[in-house]
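Beneath this line is the structure, given in structure tokens, with notes to follow.
Derivation of every value follows stated rules applied to the coordinates shown; laboratory data play no part. It should be emphasised that the depicted structure is a prediction, and the values quoted were computed from it without experimental measurement. FYI the Cβ positions are ideal-geometry reconstructions off the backbone, even for glycines, and counts take in every protein chain you see.
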Amino acid sequence: MRRITCLILAVFLFTLTACTKADTPKPSAVAQEKSPAPEVSVVSIANGSTLKLSDLKGKVVLLNFWATWCPPCREEIPSMMKLNSFMAGKPFQMVALSIDEGGKKDIDAFFKETGFFLPTYLDASGTSSKSYGVTGVPESFIIDKQGVLVKKIIGGFAWDSPEAVSFIEGLMK
């Protein structure tokens, strides 16, 4: 009897494991450093225009995933604003991609309340965060002029630091 019970348990566990593997989708490819950056197609909250990452070839891109409700995001925004101002007129594009569920309404209210402003975009489908393997916010990706992902940064960052500015300027050469 004990042998039969063990056999039934083994068959059950084998079946359970097989169903789990078959039912679990295989992870799709996500952005990798030193690889071409995945394409994104996002909408500007400022004017509703669509921006494609491929349209920015020739510029260094800071792609930042953020949300208005995220404390580390709020902390890094002033340094992102300074970086964006410092890079004005240079081959640089900041793409602040909000994951806020409330969309433009929430973002506009946040900017009005705080006085902050970033060139902000929305990805209503969520495909951009999936393509980049975003697990939380803030997460940032630096993409070179050829469209290659050169750096992924998880968490808040001092974007106006001399090291960050120097790194980004180095990619412009």
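Computed quantities for the displayed model
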read-out	value
q = 0.09, 0.11, 0.12, 0.21 Å⁻¹, the range 15-173: log10 I(q)/I(0) [Debye, one scatterer per Cα]	-0.30, -0.44, -0.52, -1.50
Environment charge at Gly58 (Cβ cut-off 12 Å; Lys +1, Arg +1, Asp -1, Glu -1)	+2
Cβ-defined net charge surrounding Lys173, 14 Å radius [Lys, Arg +1; Asp, Glu -1]	+1
Length-normalised contact order for the range 24-135 - Cα pairs under 8 Å, 6+ apart - percent	35 percent
Ranked packing of 111-120, 130-139, most packed first, by mean Cβ within 10 Å	130-139, 111-120
Ordering of 33-40, 73-80 by packing [mean C-beta count within 10 Å, highest first]	73-80, 33-40
Beta bridges by DSSP in the range 30-172, antiparallel share as percent, to the nearest 5	65 percent
Projected label distance in nm at Lys130 and Gln32, using a 7 Å step from Cα toward the beta-carbon	2.0 nm
Sequence ranges 88-97, 44-53, ranked by mean other-Cβ count within 10 angstrom, highest first	88-97, 44-53
Gain on full stretching of the segment that runs from Ser54 to Ser79 - 0.36 nm per residue minus C-alpha separation	6.4 nm
